[in-house]
Every structure is written in C-alpha cells, then in structure tokens.
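The values are calculated or read from the model by the stated rules, or taken from the named source; none is laboratory data. As the structure is a computational prediction, the values presented were derived from the model and not from experiment. Cβ atoms come from the backbone with ideal geometry, glycine included; neighbour counts cover every protein chain shown. Remember, those area values only see protein heavy atoms, side chains included, never the ligands or the DNA or RNA. Shrake-Rupley method; radii C 1.70, N 1.55, O 1.52, S 1.80 Å.
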Protein chains: 4
Amino acid sequence: MSSAEHPVAEHPVAESLALVGREVAGVLEQLVQGNQQALDALAALLADAPRVFVLGAGRSGLALSMTAMRLMHLGLTVHVVGEVTAPAIGTGDLLLTASGSGTTHTIVRAAQLATDAGATVAAISTTDSSPLADLAECVVVVAAAGKTDRSREASEQYAGGLFEQAVVLLGDALFHALWMRSGASADDLWPRHANLE
Amino acid sequence: MSSAEHPVAEHPVAESLALVGREVAGVLEQLVQGNQQALDALAALLADAPRVFVLGAGRSGLALSMTAMRLMHLGLTVHVVGEVTAPAIGTGDLLLTASGSGTTHTIVRAAQLATDAGATVAAISTTDSSPLADLAECVVVVAAAGKTDRSREASEQYAGGLFEQAVVLLGDALFHALWMRSGASADDLWPRHANLE
Amino acid sequence: MSSAEHPVAEHPVAESLALVGREVAGVLEQLVQGNQQALDALAALLADAPRVFVLGAGRSGLALSMTAMRLMHLGLTVHVVGEVTAPAIGTGDLLLTASGSGTTHTIVRAAQLATDAGATVAAISTTDSSPLADLAECVVVVAAAGKTDRSREASEQYAGGLFEQAVVLLGDALFHALWMRSGASADDLWPRHANLE
Amino acid sequence: MSSAEHPVAEHPVAESLALVGREVAGVLEQLVQGNQQALDALAALLADAPRVFVLGAGRSGLALSMTAMRLMHLGLTVHVVGEVTAPAIGTGDLLLTASGSGTTHTIVRAAQLATDAGATVAAISTTDSSPLADLAECVVVVAAAGKTDRSREASEQYAGGLFEQAVVLLGDALFHALWMRSGASADDLWPRHANLE
C-alpha cells in the first residue's frame with residue numbers, strides 16, 4: 001500500500017522511500033530482463049561515437065547530465081546540449097536523448113536536426129512508438145509512467161519521477177559497462193575529475 | 001557476482017544494471033530501517049523553511065537540482081546555489097547539501113557562510129562525523145562509498161556513484177512525502193511546470 | 001580603419017578593442033537618439049510585471065542572464081528560462097527576449113507560448129519586422145548586424161557580436177534607470193547578492 | 001551630469017544608456033592606451049594554450065562565458081569551470097579569470113589550484129596588486145570600480161557593472177584579434193555554432 005493511502009503514516013519519508021525503492025526495482029527488473037539487446041546496442045553507440053551529445057528537458061536533462069559527467073570521466077568527448085561550450089553536432093556523432101513520452105517538442109526537433117546533420121540518435125523513453133522513437137536508431141523502453149500520465153497506474157510517484165530515476169540508474173549502468181570493458185582502474189579515471197572547485 | 005568478475009559478460013549493460021539495482025536496494029533498505037527520524041526531520045526542515053537552497057558539487061549537485069525542481073513544482077521557494085537568479089541566503093532559510101565525505105571544500109565553506117547568515121544546514125552524507133555534519137542541524141547518513149573511496153568495499157560502482165543515486169532517490173522520497181502531506185493532487189502541481197520549452 | 005585591413009597590426013588587441021569601442025558607441029548613440037520611448041516603455045514593463053522571465057539563445061541568453069541577475073539585486077522576481085527553478089510563466093508576467101533576427105525558432109516559439117499563457121512579450125532585436133516582433137508589445141531595435149548577417153556591412157565584428165554587446169549594455173541601462181527611480185541606495189541592494197560562493 | 005542628479009529625467013533609460021556609453025568609452029580608452037602589451041600577452045596565452053578554462057563569479061562569470069563561446073567558435077578547446085563536462089585542468093592549460101577586486105575567495109582558490117596543477121593563470125581585474133594578481137602570469141587592469149566599491153567615484157553605475165561590461169567587450173576584442181590572426185572567414189567559423197536549439 002502506498003503512503004497515499006496512509007496520510008497519517010508513522011514515518012512518511014521512510015514509507016515514501018520504500019515506495020520509490022519498490023518501483024525502481026520493478027523498472028530495473030523489466031529493463032534487465034527485456035531490454036538486453038537494446039542496452040548493449042546503446043552502449044556500443046556510446047563507445048563508438050567520436051562525440052556524444054546529451055539532451056533532455058527538465059529533470060530528464062539533469063539525469064542525462066549526470067551520465068554526461070561520468071562519460072567525461074571515462075575519457076569520452078561529451079557535451080550537454082545548451083552548455084556554453086557545446087559545438088555543433090555533426091556526422092557520426094551520437095545524440096542521446098531522454099523523453100518519457102517521446103513527443104517533447106524541443107527534443108523531437110533537436111533529434112530531427114541531429115539526423116539532418118548526419119548524427120545518430122538514441123532515446124530512452126517509455127514507448128518505442130513516438131516521433132522521437134521514429135528518429136532513433138536505438139530506443140531503450142522503460143516501463144514507467146510518462147510525464148503527462150497522471151493516472152498513477154504505472155507509478156504512484158508524481159509525473160515522470162520514476163522514469164527520470166530510471167534514466168539516472170540506466171546512465172550509470174551504461175557507464176559501468178563501458179568502464180569494465182575499458183579495463184581502466186578507478187585511479188585511471190580520477191585525474192579527469194574537475195579540480196578547481 | 002559483479003560484472004567486474006565477468007569481463008566477457010554476455011549482456012554487460014544488463015549485468016551492470018542488475019548490480020546498480022542490488023546496490024541501490026541495499027542502500028534504500030538501510031535508509032528505510034535506520035534513518036526514519038532523520039528523514040522525517042529533514043522533511044520538516046524543508047516544509048518549514050521560508051526558502052530552500054540546494055548545493056552539491058558535480059553529480060551530487062545535479063542530483064539535488066532534480067530535487068529542487070520537484071520542490072518548485074510543489075510550490076516551495078527554492079534556489080540552486082550558483083544559479084543566475086539565486087539571491088542571498090538569510091535567517092531561517094534552509095541550505096540542503098549533499099557531500100559523500102562531508103569534507104568538500106566549497107560545500108563546507110558554504111555551510112559555514114550559511115550558518116553565519118542565520119540559515120539552517122541539512123546534509124546528506126556517508127558519515128555524521130565530518131566538518132559538514134558538524135555544521136548541520138540534520139544529517140541523513142547513506143551507507144554508500146564516498147567519492148574518494150575507491151576501495152570498492154562499500155560499492156562495486158565507480159567513485160560516489162551509489163551515493164549520488166541515493167541522493168536522487170532520497171530527494172524524490174522527500175518530495176513524495178511532502179506532496180502526500182500537502183493534500184494536493186497531481187493536477188494541482190502540473191501548472192507550475194516550466195511551459196516555454 | 002579596422003584591424004581586418006591591417007593583418008600585421010602593431011597591437012592587434014588594442015586595435016580590436018578600439019574597433020569594438022567605435023561600434024558600441026555608434027549603436028548606443030542610435031539607441032539614445034532614436035529609441036527613447038521604446039526604452040522607457042520597456043523599463044515600465046519590467047517595473048510593473050509581477051515576474052520577469054528572460055530568454056535568449058547562446059550569447060544573447062548569457063547577456064540577458066547578466067540583466068536578470070541585476071534585476072534580482074534590485075528586488076524583482078526574475079527567472080532565466082531553462083534554469084532548474086524557473087516555474088511556468090503566467091498571466092501578466094513579462095518575457096524579455098533578445099534575438100538579432102527575430103526569427104530564432106526557440107525564441108519565437110517561447111514567445112508564442114508565453115502570449116498564449118497570458119504573458120506580455122518584449123524583444124530586443126535588430127528589426128521590428130519579424131515573427132518575434134509581431135508577438136512583442138515592445139521592441140527595442142538595435143542597429144547592429146544579426147547573427148547570420150555575415151556581410152560585415154553593419155559591423156566588422158563576427159556574427160551577432162555587436163548586437164550581443166548592445167544587449168549587455170542596454171540591460172544595464174534598464175537596471176540603472178529602474179534603480180534610480182527606486183530611490184534605493186547601493187547599500188540597500190548589496191544584501192541580495194549571492195553570499196555562499 | 002548623471003541621471004542620479006536628475007531623478008525626474010525626461011527619458012531615464014536613454015540617459016542611463018548615455019551614462020553607460022560614456023563610462024565604457026572611458027574604460028576602453030584607458031585599456032587601448034595603457035595596456036597594449038598586457039592585451040597582446042593575454043591573446044598569446046589564449047592562442048598557445050592547449051585548453052582554455054574560464055572562471056568568474058556571478059556576472060563576471062557570465063561575461064567570460066560569452067568569451068568562452070566565441071573561443072569555441074574559433075576552434076579553441078575551451079571549458080567553463082563548473083560546467084557539467086569540464087574536466088580537470090592540467091599542465092600548460094590556461095585559466096582565464098575575471099575578478100574586480102582580485103580577492104574573490106573562489107577565484108583566488110581556483111587560481112591557486114590551477115597553478116598547483118601546472119596551469120597558467122591570467123586575470124582581468126581592477127588592480128594588479130591582489131592575491132589573484134600574484135598568481136597570474138598576465139593581468140589586464142581595467143580602470144573600473146570593483147564590486148564592493150560603492151563609493152561611486154570610479155563609476156556612477158552599481159557595484160561592478162562597469163567592470164563586467166569591460167570584461168564582455170575585452171573578451172570580444174581578444175576574440176576579434178585572434179580571429180583576424182587566424183585568417184579564417186566568418187563562413188569558416190559558422191559551422192561550429194550549436195545547431196540543435
């Protein structure tokens with residue numbers, strides 16, 4: 001039972017955290033069981049691209065920014081779209097996007113522009129049937145509610161919360177797999193961490 | 001067994017995701033069981049502060065930015081330290097920080113300045129024995145490796161990855177508990193979402 | 001004569017700075033002489049709006065972010081579109097945009113969405129005949145080259161450089177006029193400056 | 001006479017803009033006449049560094065971000081300190097800072113860390129006698145008020161406004177000189193502009 005059904009929960013944050021934990025476990029289980037090939041395909045796209053650009057709206061964008069920072073630690077050339085120093089995307093580059101619905105205007109438009117520029121698009125989404133998915137070479141489908149799905153059927157959490165949590169964890173799993181494959185040690189990566197803050 | 005012990009894993013990303021899932025589940029279980037009062041205390045600080053400021057370095061800062069956006073959706077007045085429009089912190093305001101080690105220079109210094117300005121400091125950390133914890137009225141301790149702990153004893157993941165994942169999920173649980181308590185519906189929150197992107 | 005005509009200038013940066021200074025002086029002279037009423041109208045819109053949102057692409061966005069920070073110092077409620085804590089724009093709010101051409105897709109689209117939401121749009125541009133100008137209640141026209149005008153007729157500088165410089169200086173003049181009108185002293189504004197960095 | 005002496009100015013924004021224009025012209029004249037060698041030295045440091053990092057607090061940081069974007073357009077490898085994708089600074093890299101007083105804690109500390117890491121520091125400041133200047137190989141001195149100088153002797157404008165305006169214009173002059181020297185056309189630079197927004 002969710003804390004929503006227990007408005008006078010004894011420890012409401014612990015109960016909410018338990019809810020988050022259950023929902024995250026369910027989503028990860030589904031990803032691990034049903035998306036193995038898409039996950040490996042996405043890792044291969046990241047590893048092979050000369051440059052990786054990430055783009056998401058709102059919290060999805062912050063989640064992908066966490067991924068981007070880790071990919072930088074791994075030695076990849078990576079940019080967050082909209083950052084001051086992000087250049088133009090070009091032929092062969094990878095645009096990694098996250099959009100629950102796959103219909104977010106700015107994301108779909110950027111995916112189209114990236115495709116026009118010769119780049120490859122990958123998407124993390126809740127559906128493989130969307131304008132974004134149509135533009136993507138690889139779609140990882142997360143069984144979570146989209147941002148505008150407020151039915152609370154797919155998740156008790158608000159809006160796209162579960163989806164965004166999945167993007168964070170998926171990004172870190174992609175990093176982990178690429179790191180293991182690289183053979184580099186933690187000490188090899190550490191010197192890349194920002195050192196002026 | 002971790003994927004590190006299986007360099008030729010059949011589906012390396014799925015295995016990495018399973019690892020992430022196991023580690024996250026462990027950390028959440030520990031939080032739910034052992035930190036109920038600290039979690040409730042932190043929720044109360046968030047709910048009662050006239051203004052909430054969040055601050056973390058690197059990925060911890062991005063994780064807290066995800067929390068900040070949700071608190072804005074809930075109707076709280078919230079600022080990310082370093083954002084263009086963030087004003088001065090003052091008496092009664094809350095500074096919510098996240099630092100695995102509790103020793104990050106910029107975070108500890110900001111916590112001291114916030115305290116000097118009459119604000120209250122809360123911390124998410126891997127320890128309650130640190131310069132940051134000494135300044136904090138409330139510390140939520142996450143049983144994850146700190147950023148510079150590369151022993152891989154507390155986590156197979158790189159650096160502070162598990163800690164940063166916990167900050168994301170904990171922030172969303174804090175939001176969920178405050179949302180439930182508010183009695184607001186999802187439709188009540190939706191009109192606050194950024195609408196120009 | 002510009003440094004472009006003297007590739008072997010004795011002191012190339014000083015010559016470039018003199019060029020910038022001449023071009024800026026010309027643009028400001030034109031603004032001061034020919035736009036007095038539009039400038040006052042824009043100041044009135046800023047002063048009267050319950051909340052000010054600013055939006056520009058690339059360097060124009062950074063220029064307006066400088067303006068936004070100053071308006072915060074003055075005590076206005078101000079948001080940079082795209083910032084983590086920026087909420088939805090609504091009825092009566094002001095969206096201040098800057099676009100040399102007045103055709104930048106993201107800016108025009110945001111201006112349309114803002115108008116649909118009942119907000120007022122103001123624009124700093126190089127033309128009052130554009131999709132952006134059509135949506136704006138107030139347009140301040142700067143006699144500088146647009147970003148894609150590479151004819152070097154309006155300016156020897158690269159792309160929209162002169163326009164973006166004008167946005168910075170114009171934003172500071174708007175602030176200065178509002179500050180003078182407020183009757184506040186510098187010491188009154190100072191306590192609003194971010195104090196945790 | 002400044003608009004401060006005319007609280008009932010007929011066109012207060014135009015008067016404020018004229019004030020800004022006069023103050024900017026004065027500062028640029030002083031830079032052009034008295035800093036030719038420091039300006040050329042700074043251009044040489046930018047041109048020769050394998051990677052350029054920029055850092056300033058508040059509006060000075062935004063001003064240097066404008067410079068950073070232009071240097072990216074020119075083809076330099078450039079990072080804004082604090083950006084998600086900014087890596088560690090290292091031997092031979094250049095840290096370009098701007099601080100009116102030369103005493104801003106975060107800037108001085110970063111300059112020290114950069115020096116310790118083998119990087120070179122350059123500074124734009126109002127003084128060559130400061131902790132920041134002591135760490136810098138090259139200091140360009142702008143005859144403007146520092147942020148905390150509220151005497152209004154050096155400038156009628158608020159706080160470090162004139163200094164920050166000078167940083168914007170100086171950054172663009174440095175770019176212009178490097179661009180002229182490069183022999184590249186505007187059409188050569190254009191393809192580097194961000195193309196997904």
Count the DSSP beta bridges whose two residues both fall in the stretch B:36-185, then state the antiparallel fraction as a percent rounded to the nearest 5.
-> 0 percent
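At 1.4 Å probe size, with the rest of the protein present, what percent of the exposed accessible area of chain D is carbon and sulfur atoms? Walk me through the numbers on the way to the answer.
Details: 3330 of 6800 Å².
In chain D, the share of accessible area belonging to carbon and sulfur is 49 percent.
Per residue of A:52-59, what is the mean number of Cβ atoms on other protein chains within 10 angstrom of that residue's Cβ?
Details: counts 1, 2, 2, 2, 0, 4, 9, 11.
For peptide A:52-59, the averaged partner shielding equals 4.
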What number comes out for the charge environment of C:Ala41, summing +1 per Lys or Arg and -1 per Asp or Glu over other residues with Cβ under 15 Å away?
-> -4
Could you work out the mean count of beta carbons from other protein chains within 10 Å of each residue's beta carbon in C:18-24?
-> 6
What ranking, highest mean first, results for peptides B:112-122, C:59-69 when packing means the other Cβ atoms within 10 Å averaged over each residue?
-> C:59-69, B:112-122
With Cβ to Cβ distances under 12 Å as the rule, what net charge do the other residues near A:Asn195 carry (K, R +1; D, E -1)?
-> -1
Which whole-number value in Å² is the accessible area per residue of the stretch B:36-185, probe 1.4 Å?
-> 29 Å²
Which residue, chosen from A:Ser185, A:Val13, A:Gly90, occupies the Cα position most advanced towards the positive end of the dipole of chain A, where the dipole is computed from +1 (Lys, Arg) and -1 (Asp, Glu) charges on Cβ about the Cα centre?
-> A:Gly90
Note: the stretch D:103-197 at 20 °C, 1.002 mPa s; Kirkwood Rh on alpha carbon pairs; Stokes-Einstein D in µm²/s works out to 137 µm²/s
As a percent rounded to 5, the proportion of antiparallel DSSP bridges among beta bridges in the protein assembly as shown is 0 percent
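Just order B:185-197, A:76-88 by mean Cβ neighbour count inside 10 Å, highest at the front, would you? List each step's numbers first, then the result.
On the way: B:185-197: 16.2, A:76-88: 21.3.
With the highest mean Cβ count within 10 Å placed first, the list reads A:76-88, B:185-197.
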The relative contact order of chain D, taking Cα pairs under 8 Å that sit 6 or more residues apart, comes to a percentage of 22 percent
Within 10 Å of the Cβ of an average residue in D:63-71, the count of other chain Cβ atoms is 6
Given unit charges at Cβ for Lys, Arg (+) and Asp, Glu (-), the dipole magnitude of the protein assembly as shown about its Cα centre in debye, nearest 20, is 0 debye
What dipole magnitude, in Debye to the nearest 20, does the stretch A:1-137 give about its Cα centre under +1 on Lys/Arg Cβ and -1 on Asp/Glu Cβ?
-> 340 debye
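Can you give the helix-only mean residue ellipticity at 222 nm for chain B, where every DSSP H stretch with n ≥ 4 adds -39500 (n - 2.57) and the sum goes over all residues, rounded to the nearest 500 deg cm²/dmol?
Working: 7 runs with 95 residues, N = 197.
Computed ellipticity for chain B at 222 nm equals -15500 deg cm²/dmol.
Per residue Cα convex hull volume for the stretch B:31-97, in cubic angstrom? Could the numbers behind the result be given before it?
Working: hull volume 6.5 nm³, N = 67.
In the stretch B:31-97, the Cα convex hull volume per residue is 97 Å³.
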Cα principal axis extents for the protein assembly as shown, largest first, Å | 71, 50, 49
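Highest mean first, how do B:170-181, B:99-110, B:28-39 rank when packing is the count of other Cβ atoms within 10 Å averaged over residues?
B:170-181, B:99-110, B:28-39
What does the charge count around C:Ala123 come to, taking other residues whose C-beta lies under 12 Å from its C-beta (Lys +1, Arg +1, Asp -1, Glu -1)?
Around C:Ala123, the surrounding residues sum to -3.
Can you run the Rg to Rh ratio on the stretch A:36-185? Use alpha carbon positions and the Kirkwood inverse-distance Rh.
Values: Rg = 14.4 Å, Rh = 15.2 Å.
Rg/Rh for the stretch A:36-185 comes to 0.95.
First measure r as the distance between the Cβ atoms of C:Thr77 and B:Ala186, then evaluate 1/(1 + (r/R0)^6) with R0 = 30 Å and state the FRET efficiency to the nearest 0.05.
Details: r = 26 Å, r/R0 = 0.85.
Once the sixth-power term is evaluated, E becomes 0.70.
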Accessible area that becomes buried as A packs against B, both chains, 1.4 Å probe, Å², nearest 100 | 5400 Å²
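About its Cα centre, how strong a charge dipole does the stretch B:11-91 have in debye, to the nearest 20, once Lys and Arg get +1 and Asp and Glu get -1 at the Cβ? Before the final figure, lay out each step's value.
Values: 4 positive and 6 negative charges, 37 e Å.
Here the size comes out at about 180 debye.
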